[in-house]
Amino acid sequence: MPTVYIDEIAKFQGQEVTLQGWVYNKTAKGKLIFLMLRDGTGLIQAVMFRDTVGDALFESTLALTQESSVRITGTVSEDKRAKGGFELQVSTLEVVHLAAEYPISPKEHGIDFLMEHRHLWLRSSLQHAVLKVRHEIISACRDYFDNMNFTLIDAPIFTPAAAEGTSTLFETNYFEDKAYLTQSGQLYMEAAAMAFGKVYCFGPTFRAEKSKTRRHLTEFWMIEPEVAFCDLEGDMELAEGLICAIVERVLDKRREELKRLERDLSKLECIRKPFPRLDYEDAAQILKEENSQFVYGDDLGAPDETIISARYDRPVMVTHYPAGVKAFYMKRDPERPDRALCVDLLAPEGYGEIIGGGQREDDLDTLLSRIHEHQLPVENYDWYLDLRKFGSVPHAGFGLGLERTVTWICGLQHIRETIPFPRTISRIYP
RNA sequence: UCAGGUGUAGCUCAAUCGGCAGAGCGGGUGGCUGUUAACCACUAGGUUGUAGGUUCGAGUCCUACCACCUGAGCCA
């Protein structure tokens, strides 16, 4: 008799099969028991009658607690009264482990309690759905780049120096020395792009920002492509294509999960190329019209991003920010030297920036003077500067924040549910 | 770091003007052959975040601290 998973149960109608999983819920009715079984692929109702299985098995099944693990053998039958349309008529049941009193009940809980029990909360259906969508988005990103012959190049986690500001670095001991947890794989991807042409990395990044908002984690995952002989325009097309590939894939493969999350699918179905492109000037004009607190010349704040994204039904790309608010490696616009050849992609519905990128400075002397202007220790960048000495070419790339993307796609209120074990300013447990 | 908010049973929350510490869920016991977060009856469960203070009397008022939540700045 086959041991099967719940998501393939329809194929076994009328047959006797064994399922392995956990007791999600139990309803006892005197002479029959309903067990909702969860196995990671889905839920199914199992029905056990006292007359069929005998008193001993019936009594031990009555004693089952929530999340006890079991092997159940029975006959698969179609039944309209059961959720999912199928149920298992139990013939035997083996208790693998009788669970202790489970802290998470089907009723409501506060966020702090749930986060304290994150290792168990993952079993709940909404968390399950979010992480399935996360997996699909990761898979879509990999396929997108792999299908265009990008090479995956892994960036290091320990780094000797900052890619951007030094105040937001996690410092750690490295034998007799100091090392920092990476904030971005970008500088390494620039090196890799000069070797492989089209590359990307996908890994965790760390920011010691003391941010306490629904958009911030101290540990989050980024996908960072970098392309040699690519300018800002090409970079934007690459970003646009990636977002469309993600949305398309999730709508195709994870529609059930999105429905369970009560996501308004029409908001995703209208995501198509081309995305509107706004120059920083255009963005500033919109913000002026909307009475924002925005100060011309500054970076966009979170409320500013919301105002701009509210005008469109798809992601917006804002380009050519003032160079002063951007990182040292950004190439300047030759026609407007106070502007950077950069792009931020703002997700719709006020979900904010999910992509930041642009064309990199490829001239050695210009890059050197930027490093000095930003008062960065030039000796840490010797290897990076080498890239401008040995066949420097125009190149561009960007970073996609995975968790912010998952937040948007799932329509969540907070980023903390989009990663299995979130790390925030106030949480490093479990 | 700053601003606002919350802290009462295992969980989610009540407690009127400062006057007996309560409910639902979850747990336990019993009942029920079609439940969908079942239902019915009974039952156990409390240092009201911590430390001080005011008062005849504090969950409630005051002070400090702690934890968490929501934002801002910064960023993906």
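At a glance:
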read-out: Degrees between helix A:125-147 axis and first principal axis of chain A (Cα, 0 to 90, nearest 10); value: 50 degrees
read-out: Alpha-carbon centroids, the stretch A:406-421 and the stretch A:369-394: separation in whole Å; value: 37 Å
read-out: Estimated distance in nm for a label pair at A:GLU256 and A:THR172, the labels positioned 7 Å out from Cα along Cα-to-Cβ; value: 3.8 nm
read-out: Net lengthening on full extension, A:MET148/A:SER369 (0.36 nm per residue, minus Cα-Cα); value: 76.0 nm
read-out: Mean projection area, nm², convex hull over Cα of the stretch A:316-430; value: 9.7 nm²
read-out: Whether the stretch A:181-309 is rounded, prolate or oblate, judged on the alpha carbon gyration tensor where a/c under 1.5 counts as rounded; value: rounded
read-out: Whole-angstrom gap from the stretch A:243-314 to the stretch A:211-237, using each part's C-alpha centre; value: 16 Å
read-out: Reciprocal of mean inverse Cα separation for chain A (Kirkwood radius, Å); value: 24.5 Å
read-out: Value of [θ]222 nm, deg cm²/dmol, for chain A, DSSP H segments ≥ 4, -39500 (n - 2.57) each, nearest 500; value: -8500 deg cm²/dmol
read-out: Percent antiparallel among DSSP beta bridges (both partners in chain A, rounded to 5); value: 90 percent
read-out: Degrees, to the nearest 10: A:280-289 long Cα axis against longest axis of chain A; value: 70 degrees
read-out: Unit charges on C-beta of K, R, D, E only; dipole of chain A, Debye; value: 1640 debye
read-out: Among the listed pairs A:LYS210/A:LYS253; A:LYS267/A:LYS331; A:LYS267/A:LYS288; A:LYS212/A:LYS389; A:LYS212/A:LYS331; A:LYS273/A:LYS389, those beyond 30 Å (Cα-Cα); value: A:LYS210/A:LYS253; A:LYS267/A:LYS331; A:LYS212/A:LYS389; A:LYS212/A:LYS331; A:LYS273/A:LYS389
read-out: Relative contact order, percent, the stretch A:321-406 [alpha-carbon distance under 8 Å, six or more residues apart]; value: 28 percent
read-out: Most to least packed among A:222-234, A:90-102 [average Cβ atoms within 10 Å]; value: A:222-234, A:90-102
read-out: Normalised convex hull volume, the stretch A:8-57, alpha-carbon set, Å³ per residue; value: 91 Å³
read-out: Sites A:GLU233 and A:SER266, calculated FRET efficiency, Cβ-Cβ separation with R0 45 Å, nearest 0.05; value: 0.90
read-out: Three-way shape label, the stretch A:259-335, alpha-carbon gyration tensor, a/c 1.5; value: prolate
read-out: Cα-based Rg of the stretch A:85-171 normalised by 2.2 N^0.38 Å, two decimals; value: 1.80
read-out: Options A:LEU265, A:VAL17, A:LEU287, ranked by Cα towards positive dipole end of chain A, top entry (Cβ charges); value: A:VAL17
read-out: Positive minus negative residues near A:ASP313 (Lys, Arg vs Asp, Glu; Cβ under 12 Å); value: +1
read-out: A:LEU385/A:LYS273 FRET efficiency (R0 41 Å; Cβ-Cβ; nearest 0.05); value: 0.65
read-out: The stretch A:172-228: equivalent-ellipsoid semi-axes (sqrt of 5 x gyration tensor eigenvalues, Cα, Å); value: 25, 18, 7
read-out: Options A:GLN359, A:HIS372, A:PHE390, ranked by Cα towards positive dipole end of the stretch A:275-392, top entry (Cβ charges); value: A:PHE390
read-out: Whole-angstrom gap from the stretch A:83-148 to the stretch A:316-339, using each part's C-alpha centre; value: 44 Å
read-out: A:TYR312/A:SER211 FRET efficiency (R0 22 Å; Cβ-Cβ; nearest 0.05); value: 0.25
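Quick note: the coordinates plus some simple rules give every number you see, no bench work behind them. Remember, it's a predicted structure, so these values are computed and weren't measured experimentally. With ideal geometry, Cβ positions are generated from the backbone for all residues, glycine too; neighbour counts draw on all protein chains shown.
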